[in-house]
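Student: Got a structure for you, written out below as structure tokens; questions coming shortly.
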Ligand code: MN
């Protein structure tokens, strides 16, 4: 089994309400993604205007190793705007669910099929590779999706993007739908999942298991509303759960995550899997004691794989082993009574301040404790 990552941070990620990247930021993110080994990336929407097209052309001019995609609606104007911008492939998006076909487009299924035939052929005549983006594919009639794919392929499209536009699917329904489409067509299938129910990564993995060839991701899960499937989660999930390699060097994740967080103005929550600040921090006494005995006791994967390391922090749930370990690293060997006495101070500090004591706090606790014990 295989999976090609097509990261859409620079398109769907940027489409997030209130997010806009400038040219330098887009170029820096594109470089970082390419350097880390991301195979493909969607870099913008040419119809947005001359400035956007200029940025797209600059990224195309970098000679990155990644394939480049641009996005447009299944419209004449959008398609023409993509000509000559230097991308390798264009994704032309069109609603495929009855609800959107009638209530958004005011059209019917036949119109959608005719539109696909006409615009895909035209894009091919311009020499572009084409992906047909099936907007709201999760709510589309499955037989109609088969027709859409057949029509797209007949007109010369090489890929179909299955967009769970509203994040409505679960992994079981995703698997079933992709599997059915897969058995009847050899077109490239790209899963585009949204995280409205917190299932974007699970749905993306399910689609890959069902035979999807490509997966859309965004750094930190940036994207419309609750966001897209996070790059870091999909890549690590594929590797650790299914042994599927994407060619991406995961040690670059912290750097790319910071870059995108800064450029988007969307800070990463401390508990965000893989890239969150505190996801490799350990405080609870039983966990720290277990880790100190053997790291395998509480390690699912080595944080070094994603450019991180374990951090033992002291707090309300610490035990005296962790206290002795922390002071040992400061060159102070504690006796058992000292460790127990300091632990009380650490717990009081944690409750009062809602944070880990700094090393200056620890030094103070030690001085206070040893003078107390000496006096006592
Ligand atoms: Mn989307």
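Student: Anything in segment 119-133 that is assigned to a helix (DSSP H, G or I) and either under 31 Å from the mean Cα position of the chain (by Cα) or without any contact (Cβ under 8 Å) to a residue 40 or more places away in the chain (or both)? List them, or say none.
Tutor: Hits for segment 119-133 are 119, 120, 121, 123, 124, 125.
Student: Just one of the numbered conditions (1) surrounded by 17 or more Cβ atoms within 10 Å (Cβ to Cβ); (2) part of a helix (DSSP H, G or I); (3) more than 16 Å from the ligand (Cβ to nearest atom) is not true of residue 275; which one?
Tutor: Residue 275 satisfies all of (1) surrounded by 17 or more Cβ atoms within 10 Å (Cβ to Cβ); (2) part of a helix (DSSP H, G or I); (3) more than 16 Å from the ligand (Cβ to nearest atom) except (2).
Student: Could you please let me know if residue 88 is within 23 Å of residue 191 (Cα to Cα), over 27 Å from the mean Cα position of the chain (by Cα) and at pLDDT 95 or above?
Tutor: Working: within 23 Å of residue 191 (Cα to Cα): yes; over 27 Å from the mean Cα position of the chain (by Cα): no; at pLDDT 95 or above: yes.
Judged against the criteria, residue 88 is not a match.
Student: Hey, another quick one. Just wondering, is there one or more residues in segment 153-160 that are modelled with pLDDT of 95 or more and part of a strand (DSSP E or B)? Spell out how you get there, then give the answer.
Tutor: Here is the first cut: in segment 153-160, the ones modelled with pLDDT of 95 or more are 153-160.
Narrowing the set further to residues that are part of a strand (DSSP E or B) leaves 159-160.
Within segment 153-160, one or more residues are modelled with pLDDT of 95 or more and part of a strand (DSSP E or B).
Student: Residue 328 fails exactly one of the following numbered conditions: (1) touching a residue at least 60 places away in the same chain (Cβ under 8 Å); (2) exposed (fewer than 15 other Cβ atoms within 10 Å of the Cβ). What is the number of that condition?
Tutor: So the condition that residue 328 fails would be (1).
Student: Let me ask you something else. Conditions first: (1) modelled with pLDDT of 95 or more; (2) touching a helix residue (DSSP H, G or I) at 6+ places or on another chain (Cβ under 9 Å); (3) within 16 Å of the ligand (Cβ to nearest atom); (4) assigned to a loop (DSSP other than H, G, I, E, B). Residue 224 passes all but one, so which condition is the exception?
Tutor: All conditions are met except number (1).
Student: Continuing with the same structure: Would you call residue 160 farther than 27 Å from residue 21 by Cβ, buried (at least 16 other Cβ atoms within 10 Å of the Cβ), free of Cβ contacts under 8 Å to residues at least 60 places away in the same chain and assigned by TED's automatic domain parsing to the domain that holds residue 8?
Tutor: yes
Student: Here is a check on your reading of the model: is residue 292 closer than 25 Å to residue 274 by Cα, part of a helix (DSSP H, G or I) and touching a residue at least 24 places away in the same chain (Cβ under 8 Å)?
Tutor: Numbers: closer than 25 Å to residue 274 by Cα: yes; part of a helix (DSSP H, G or I): yes; touching a residue at least 24 places away in the same chain (Cβ under 8 Å): yes.
Spelling it out, residue 292 is indeed closer than 25 Å to residue 274 by Cα, part of a helix (DSSP H, G or I) and touching a residue at least 24 places away in the same chain (Cβ under 8 Å).
Student: Might you let me know whether segment 207-218 holds any residue that is buried (at least 24 other Cβ atoms within 10 Å of the Cβ) and more than 15 Å from the ligand (Cβ to nearest atom)?
Tutor: So far as segment 207-218 goes, yes, one or more of its residues are buried (at least 24 other Cβ atoms within 10 Å of the Cβ) and more than 15 Å from the ligand (Cβ to nearest atom).
Student: Go through (1) surrounded by fewer than 24 Cβ atoms within 10 Å (Cβ to Cβ); (2) in contact (Cβ under 8 Å) with a residue 24 or more places away in the chain for residue 20 and report which single condition fails.
Tutor: Among (1) surrounded by fewer than 24 Cβ atoms within 10 Å (Cβ to Cβ); (2) in contact (Cβ under 8 Å) with a residue 24 or more places away in the chain, residue 20 violates only (2).
Student: Could you list, in sequence order, the residues of segment 182-200 that are assigned to a helix (DSSP H, G or I) and either crowded, with 24+ Cβ neighbours inside 10 Å or within 15 Å of the ligand (Cβ to nearest atom) (or both)? If you could, list the steps in order and put the result at the bottom.
Tutor: Of all residues in segment 182-200, those assigned to a helix (DSSP H, G or I) come to 182-184, 200.
Correct list: 200 only.
Student: When residue 262 is evaluated against the numbered criteria (1) more than 15 Å from the ligand (Cβ to nearest atom); (2) within 15 Å of the chain's Cα centre (by Cα); (3) not in a loop (DSSP other than H, G, I, E, B), which criterion, by number, is the only one it fails?
Tutor: Result: residue 262 fails condition (2) only.
Student: Looking only at segment 134-152, filter to residues that are buried (at least 16 other Cβ atoms within 10 Å of the Cβ) and part of a loop (DSSP other than H, G, I, E, B); which one of those is nearest to the ligand (Cβ to nearest atom)?
Tutor: 136
Student: Check segment 10-26 and report whether any residue there is touching a helix residue (DSSP H, G or I) at 6+ places or on another chain (Cβ under 7 Å), within 16 Å of the ligand (Cβ to nearest atom) and modelled with pLDDT of 95 or more.
Tutor: Taking every residue of segment 10-26 in turn, at least one turns out to be touching a helix residue (DSSP H, G or I) at 6+ places or on another chain (Cβ under 7 Å), within 16 Å of the ligand (Cβ to nearest atom) and modelled with pLDDT of 95 or more.
The values are calculated or read from the model by the stated rules, or taken from the named source; none is laboratory data. From a predicted model like this one, the values you see are computed outputs, not experimental measurements. Cβ: placed from backbone, ideal geometry, glycine included. Neighbour counts: every protein chain shown.
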